[in-house]
Amino acid sequence: MVDASTRSRPAWLQQYELVGKIGEGTYGLVFLARSKLPSNKGVHIAIKKFKQSKEGDGVSPTAIREIMLLRECDHENVVKLVNVHINHADMSLYLAFDYAEHDLYEIIRHHREKLSISINTYTVKSLLWQILNGLNYLHSNWIIHRDLKPSNILVMGDGDEQGVVKIGDFGLARIYQAPLKPLGDNGVVVTIWYRAPELLLGAKHYTTAVDMWAVGCIFAELLTLKPLFQGIEDKSTHNPLQLDQLDKIFKVLGHPTPDKWPTLNNLPFWQTSRQRMQGPKNEISVLHQVVQTSQKSPAYDLLSKMLEYDPCKRISAAQALEHEYFRCEPVPGRNALVPIQPNDKVVGYPQRPVDFSADFECSGSQPPQMVTSSHAVNNSAAASVTAPRPMPQQIPLVSMQRLPPYGLAGQAGMPGLTANNLSVPRGPSQPPHQQQFRRLN
Amino acid sequence: MADFQTSSHHDRWILNPQALVEKRRGSNQRAIAALKKYGATRVEVQADGSLAYPGAPIAEDGPVGEKLPEPLVVDEEILIQRFYEQKIQQVCAAFSFPHKIQATAILYFKRFFLNWSVMEHDPKQIMLTCIYISCKVEEFHVSAEEFGKGIQQDPQAVLKNELCLLQGLNFDLIVYGPYRSLEGFIFDMENFFHAKDEAFLEKLKDLKEAAIFVADKLMLTDAALQFPPGQLALAALQDANLEEKAVDFDRYLRSIADRQHEKLSYLELLECLNSVLEKVKSVRPVNEDDVKRIDRKLKYCRNPSLQDENKKRERKSKHKTKRSSQDAE
């Protein structure tokens with residue numbers, strides 16, 4: 001007897017041998033598979049399955065963003081989208097990526113909980129340099145990632161690319177060259193611990209500086225194995241003002257002043273936050289104590305430039321790559337996991353847990369919390385994928401203003417779709433105009 | 001990437017005229033072959049991703065007494081496509097969508113129907129899905145329900161073809177229209193001509209508006225598949241300037257040829273712009289009667305049973321007229 005589900009299996013599934021499930025999120029599931037194609041037989045592939053959006057709007061905007069940006073990206077430090085497949089049976093999309101065995105969330109956790117030793121300087125430096133290198137590529141191509149955090153920074157396991165960093169998860173990324181809408185319009189998105197202060201204070205426009213703030217937070221976390229600013233998210237409000245998060249930042253870096261950050265007074269929530277935050281307003285930074293690094297060290301200098309309050313003064317990825325920190329010993333290398341110094345110990349990191357009971361298709365229709373099997377659930381992250389973490393959640397990424405459902409019959413024309421609520425002033429944002437000429441040919 | 005030079009648009013979707021002819025002929029021939037084999041041209045995607053032709057296979061010796069519908073020729077396909085491309089502009093204007101969205105939607109539509117024949121996939125539905133997906137890509141979210149409501153169509157009809165369209169576009173979703181380049185050039189002209197006085201700035205503004213109008217027409221031609229957005233924008237400006245006489249365009253073009261990093265000389269650039277504008281001039285307005293006639297052919301190709309039903313209905317209504325005239329007597 002032929003099982004109906006087998007019969008309707010998409011033909012492309014035969015390219016892969018399923019290993020198991022390695023992650024899940026609101027968008028869908030992530031699988032680990034081995035390629036069966038002769039060209040890269042046995043190579044591990046992470047396959048991210050996107051379900052149809054819940055709102056009855058077809059392909060989710062997250063999937064669209066990932067596909068459109070990653071189809072265009074080609075850089076050693078950006079995750080590689082190998083293929084896109086369609087399952088017409090349930091109208092889902094499968095994105096196939098090169099598989100990365102590790103991510104910074106797991107690496108940091110392993111050091112903190114299992115080894116109780118810090119990550120060696122060579123590894124920290126190599127990881128940071130490669131993150132910046134990937135980010136510089138994205139920023140110079142007009143892409144803001146907007147959701148950098150340790151679990152989105154992937155590191156390749158054994159193989160040709162061992163120890164190479166890949167920036168993953170472009171579900172929230174944006175092209176900022178030609179925004180039709182102010183970029184802030186879709187709800188604030190960067191996970192709260194890594195969220196830049198200007199966003200917390202209500203800035204409407206994202207800039208590349210928000211990614212640099214996040215890299216600063218990640219840098220500090222690599223040094224101390226603890227998130228730098230662990231604020232508690234106030235989920236009761238859609239308001240981007242997160243007082244606890246601001247409080248955590250101000251306690252380490254000191255309170256910002258309009259003196260050092262001239263546009264501070266223009267930010268919507270600056271006054272409110274001042275009024276609502278009690279206690280003395282110390283302006284002195286204790287960052288060097290928190291990360292236990294000398295204020296004179298290149299590492300501290302770079303870190304403090306990434307955690308500069310004023311986004312205009314914050315160091316860029318391109319500038320950071322030129323920083324002295326990367327020129328002094330040990331210099332960063334391509335394989336971040338294996339130090340070149342012979343006396344440095346090589347740390348073996350655990351492999352990503354795999355739920356072997358999962359199936360490509362049938363588990364796809366289950367809600368994420370339905371999975372019961374084994375250890376895989378709590379700590380499974382995936383290549384290019386963020387599994388849900390026991391940490392503050394992000395605010396919904398597309399806060400669409402849902403219009404009330406229409407009675408479909410008999411209403412002619414386009415009510416509710418007048419110039420007022422759909423058309424948008426063209427942003428004044430001009431790219432540097434030499435960019436225009438590069439389009440000529 | 002998000003820079004045209006390194007984009008999928010630059011690498012995979014700037015095609016020469018010969019390639020366009022071949023692709024269109026290929027799609028047209030495939031649809032005609034399906035018509036001969038299955039008696040209908042429309043294609044449906046099965047759950048496993050394979051394609052199915054809902055028409056039943058026709059026996060070797062062909063259907064007795066039944067005549068196959070007449071298929072569309074390539075030029076007719078192009079005409080139908082142009083008709084729906086204009087519709088895209090109209091729908092986007094009615095929704096007050098930003099210009100970028102209609103440019104993206106038109107390019108999606110053009111690209112899709114290089115790989116498929118209008119006899120295989122319903123151009124009207126594909127057109128709607130093109131607009132809907134461009135809205136998603138350009139971060140201008142409109143729900144399927146709102147969109148369906150606005151065009152008085154079932155949202156499901158819009159959603160149904162989403163995956164098929166994405167696949168037909170080879171998942172290359174970032175496209176570059178001429179409008180942003182156009183703004184860049186106007187901005188650059190302000191500097192180049194040291195625009196200071198109000199009157200001149202006003203002239204440039206008029207030039208821009210006129211050029212946008214030309215660019216809209218350009219988007220309806222093959223130029224959009226053959227030339228990079230910067231050249232489309234320059235061509236639109238050149239053409240608009242003939243009327244507006246705002247600037248010494250020739251001088252400006254020479255300066256562009258000098259300043260750009262690529263190897264295009266002034267003369268080569270001028271030649272490109274001329275061939276872009278020739279495309280616009282060769283466009284004949286779409287004649288409604290032609291569209292109706294071809295659309296009828298198209299419907300029968302896609303679904304020959306309609307032809308039979310239509311005949312029956314004609315017979316019936318003739319019968320009815322006869323009877324009612326008899327009644328009247």
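The values are calculated or read from the model by the stated rules, or taken from the named source; none is laboratory data. Quick caveat, the model's predicted, so the values are computed rather than measured. Remember, those area values only see protein heavy atoms, side chains included, never the ligands or the DNA or RNA. Shrake-Rupley method; radii C 1.70, N 1.55, O 1.52, S 1.80 Å.
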Worksheet, complete the sentence: From the cross-link list B:K149/B:K208; B:K203/B:K279; A:K21/A:K345; A:K21/A:K166, the entries with a Cα-Cα span beyond 25 Å are B:K149/B:K208; B:K203/B:K279; A:K21/A:K345
Worksheet item: Which shape class applies to segment A:94-140: rounded if a/c is under 1.5, otherwise prolate when a/b exceeds b/c and oblate if not, where a ≥ b ≥ c are the square roots of the Cα gyration tensor eigenvalues?
Response: oblate
Worksheet entry | Residue among B:L35, B:L298, B:L201 with the largest mean-square fluctuation in a Gaussian network model of chain B, springs linking Cα atoms under 10 Å | B:L201
Worksheet item: Considering protein heavy atoms only and a 1.4 Å probe radius, which residues within segment A:85-111 exhibit an accessible-area decrease of no less than 40 Å² in the full assembly relative to the chain by itself?
Response: A:I86, A:H88, A:M91
Worksheet item: Just by accessible area at a 1.4 angstrom probe, what is the order of B:D216, B:D258 from largest to smallest?
Response: B:D258, B:D216
Worksheet item: Quick one: buried accessible area between A and B, total over both chains, 1.4 angstrom probe, nearest 100 Å²?
Response: 6200 Å²
Worksheet item: Solvent-accessible area per residue for segment A:103-326 at a 1.4 Å probe radius, Å²?
Response: 38 Å²
Response to the item:
Checking B:A31, B:A215, B:A94 against a Gaussian network model of chain B (alpha-carbon springs below 10 Å), the top fluctuating residue turns out to be B:A94
Worksheet item: Using a 1.4 angstrom probe and counting only protein chains, how large is the accessible area of A:I340 in Å², to 10?
Response: 130 Å²
Worksheet item: Okay, helix-only estimate at 222 nm for chain B: each DSSP H run of n ≥ 4 adds -39500 (n - 2.57), divide by all residues, round to 500 deg cm²/dmol; what do you get?
Response: -22000 deg cm²/dmol
Worksheet entry | Helical segments meeting 18 Å axial Cα length and Kyte-Doolittle -0.5 threshold in chain B (DSSP H) | B:74-94, B:99-115, B:123-137, B:178-192, B:198-219, B:229-244, B:266-281
Fill in: Carbon + sulfur, % of accessible area of segment B:178-281 - ligands and nucleic acids excluded, 1.4 Å
52 percent
Worksheet entry | Relative contact order for chain B, counting Cα pairs under 8 Å that sit 6 or more residues apart, in percent | 21 percent
Worksheet item: In a GNM of chain B with a 10 Å cut-off on Cα contacts, which of B:K208, B:K100, B:K149 has the highest mean-square fluctuation?
Response: B:K149
Worksheet entry | Accessible surface of segment A:103-326 [probe 1.4 Å, protein heavy atoms]: carbon and sulfur percent | 50 percent
Discussion item. Please give the Cα centre distance for segment B:108-143 versus segment B:239-292, rounded to the nearest Å.
Written reply: 27 Å
Worksheet item: Among the residues of segment B:1-21, which ones have their accessible area go down by 50 Å² or more when all the protein chains sit together, as opposed to their chain alone (1.4 Å probe)?
Response: B:M1, B:A2, B:D3
